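The values are calculated or read from the model by the stated rules, or taken from the named source; none is laboratory data. Note that the structure is predicted; figures quoted are calculated from it, not measured. Virtual Cβ from ideal backbone geometry, glycine too; neighbours counted across all protein chains shown. To get the accessible areas, we keep the full protein, side chains included, count just its heavy atoms, and leave off ligands, DNA and RNA. Shrake-Rupley method; radii C 1.70, N 1.55, O 1.52, S 1.80 Å.
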Amino acid sequence: MNGLHESDAGVLLRGVGKRYGAVTAVKPLDLTIRPGSLVTLLGPSGCGKTTLLRMIAGLERVSEGRVFINGQDVTPLSAGERNVSMVFQSYALFPHMNVRENVAYGLLSVSGTAKADAYARAEETLATVGLAGYGDRLTSEMSGGQQQRVAVARALVLRPDVLLFDEPLSNLDARLRRSMRDEIRSLQMKLGLTVVYVTHDQSEAIAVSDQIVVMRNAEIAQVGTPRELYEAPGNRFVATFMGEASELRGEMTGPPGGQASVQLQGLSLTLPRHGLGNGVVGVMVRPESVLLSSPGEPGALQGTVATATYMGSHCEYTLDTEAGQLFAIVRETGTLRAAGQAVGIKFIEHGVYAVAP
Ligand SMILES: Nc1ncnc2c1ncn2[C@@H]1O[C@H](COP(=O)(O)OP(=O)(O)OP(=O)(O)O)[C@@H](O)[C@H]1O
Ligand SMILES: [Mg+2]
């Protein structure tokens, strides 16, 4: 079993791939999901997130590879035989049943628990998700956010080894999305749940995740913590998918090794080399990492304000420089610099990184 032990808790994917005829939905990939962690699968539409989640759930057969849950090879097992629960985007609640019956359904139909026990556990779980006292309501008489919680309770009541969410918040408005997102995260941490969470919203992924798996074109682009992916993305796709970034042209110099020197016209930066060779490189810059100063300041990149916009909490600028155009968010809102004005530009270096040209 390739060094795998019974004690390897969580979810391990080894060479897991999926093809539908000529379409490759997921290229063979490896992934380790630690027990008690929340891992998001993040990426644009069609990149294979749902397919990967459904292969973990057992709702989709793998074309190749093995799926392990808590040290057990579950590849041949159906969804019902794996101790996993899935919360769908549509909630998939039964409208003719009340909330208690919806939550108890899995216990009654799958595990054959006695009715009184199932209902007692349903009530207990409803209290966990903040719905104590709602057992008699019909789900059709509940708000979107409440239905979402019923769906979570219905999954939780089965005490799954792994809880899977496929875009659980996309039917909710922006404000409710934020509060439900935080509720799911605090419930996951409180109960120590192992969760795999699919979303295409990078801010949602950053907010809830221990680890983010960025996917693109049926494969993994990068895995890391939200901070790693935001501040030190491994490539241009991850850099721009994880948030806004401008790309400048720089010249990398210096001996091989961890750090390299990068020249941006008059500005010299020390950046992680990321395996790049000397020569022209792309330099990705987060808008909030830009610092403006007086024109002609030594050791600064020289630029000209192309557009300036007062935004209340901050000012936004586009800046023309000899290294390329830069988008900047500046917190100091006292005076707005005018279009056409010359400025000196420096960077907070943890929001700046080199990528292949
Ligand atoms: N049953 C199927 N038959 C054929 N192709 C499929 C099937 N299910 C998915 N695909 C294809 O596999 C690829 C990945 O689909 P998947 O649903 O996993 O993407 P996704 O990342 O979840 O996208 P979205 O964000 O839109 O939900 C797509 O190209 C899709 O068209
Ligand atoms: Mg999907």
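Structure values in brief
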read-out	value
For His350, solvent-accessible area (1.4 Å; no DNA, RNA or ligand), Å²	110
In nm, spacing of pseudo-spin labels at Val280 and Glu64 (7 Å Cα→C-beta vector)	3.7
Residues of the stretch 216-250 with amide N under 14 Å of a point placed 7 Å along Cα→Cβ from His350	226-233
For the stretch 1-98, convex hull volume per residue from C-alpha positions, Å³	138
Whole-number accessible area per residue in Å² for the stretch 11-231, which is evaluated in the context of all protein chains at 1.4 Å	44
For the chain: lysine pairs under 29 Å (alpha-carbon distance), excluding those fewer than 8 apart on one chain	5
Percent carbon-and-sulfur accessible area, the stretch 11-231, ignoring ligands, DNA and RNA, probe 1.4 Å	48
Longest DSSP-loop-exposure-free segment, trypsin sites (Lys or Arg not before Pro), the chain, at most 14 other Cβ within 10 Å	62-330
Relative contact order of the chain, pairs being alpha-carbon contacts under 8 Å that are 6 or more residues apart, as %	15
Accessible surface ranking that places the most exposed of Met311, Met189, Met215, Met86 first, with a 1.4 angstrom probe	Met189, Met311, Met86, Met215
Equivalent-ellipsoid semi-axes of the stretch 245-308, from the Cα gyration tensor, Å, largest first	24, 13, 10
Choice from Gly130, Gly334, Gly224 showing the highest fluctuation, given a GNM over the chain with Cα pairs closer than 10 Å	Gly334
Principal axis box of the chain, alpha-carbon based, largest edge first, Å	79, 50, 36
Computed [θ] at 222 nm, helices only, for the chain once each DSSP H run of length n ≥ 4 contributes -39500 (n - 2.57)	-7000 deg cm²/dmol
Length added when fully stretched, Ser111-Glu251, from 0.36 nm per residue minus Cα-Cα	44.1 nm
